[in-house]
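Take a look at the structure set out below.
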Amino acid sequence: MKALKVVSMTTHLKKLLSWGLNGNSWGWFHCLAGGVIAKAVLMAGESPSRAVSAVVIIAVIWEGVEYFLETGAKPAEVYGSAERFYYDAAGDILLAIACAMLVV
């Protein structure tokens, strides 16, 4: 049973790397936005943890907006499958957080 979970986790990581990071043509924008937002929050006098928290909140909200506006709540039509959209969204959020953490 544990071997099945390891295989499943490996599959998820491969899909995240392939669809969410390597195949993500807008990932650079999310990374840039994460860094700029974090820097703006720091310049406003807030703590590094608040800067990263702000990026997390904005990134999650943005992906929600993207889900409804870009895909019309039908991600399979735009991304080929709903699963691809979810991995793309996860990659976008992780890239924004990673860049924010580099800035702080």
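Some notes on this structure:
- Within the stretch 65-104, the set of residues being crowded, with 18+ Cβ neighbours inside 10 Å and touching a Cys at 6+ places or on another chain (Cβ under 8 Å) comprises Leu95, Ala96, Cys99.
- Screening the candidates Glu77, Glu83, Glu46 for the property of being out of contact with any helix residue (DSSP H, G or I) (no Cβ under 7 Å at 6 or more places or on another chain) and assigned to a loop (DSSP other than H, G, I, E, B) yields one hit, Glu46.
- For the stretch 11-27, taking the residues that are without any contact (Cβ under 8 Å) to a residue 60 or more places away in the chain and among the aliphatic types (A, V, I, L, M), the one that is surrounded by the fewest Cβ atoms within 10 Å (Cβ to Cβ) is identified as Leu13.
- Cross-chain or 6+ apart pairs with Cβ under 6 Å, the stretch 83-95 first and closer than 10 Å to Gly27 by Cα, then at pLDDT 90 or above and part of a helix (DSSP H, G or I): Ala89/Glu63; Asp92/His30; Ile93/Ala59; Leu95/His30; Leu95/Cys31
- Of all residues in the stretch 45-104, those satisfying the criterion of being of a type in the set (A, V, I, L, M) and under 18 Å from Leu17 (Cβ atoms) are Ala89, Ala90, Ile93, Leu94, Leu95, Ala96, Ile97, Ala98.
- Among the criteria (1) in a helix (DSSP H, G or I); (2) free of Cβ contacts under 8 Å to residues at least 12 places away in the same chain, the one Gly72 does not fulfil is (1).
- Against the criterion of being modelled with pLDDT of 95 or more and more than 24 Å from Lys14 (Cβ to Cβ), Ile97 does not qualify.
The values are calculated or read from the model by the stated rules, or taken from the named source; none is laboratory data. Remember, it's a predicted structure, so these values are computed and weren't measured experimentally. Glycine gets a Cβ as well: all are built from the backbone with ideal geometry, and neighbour counts include every protein chain shown.
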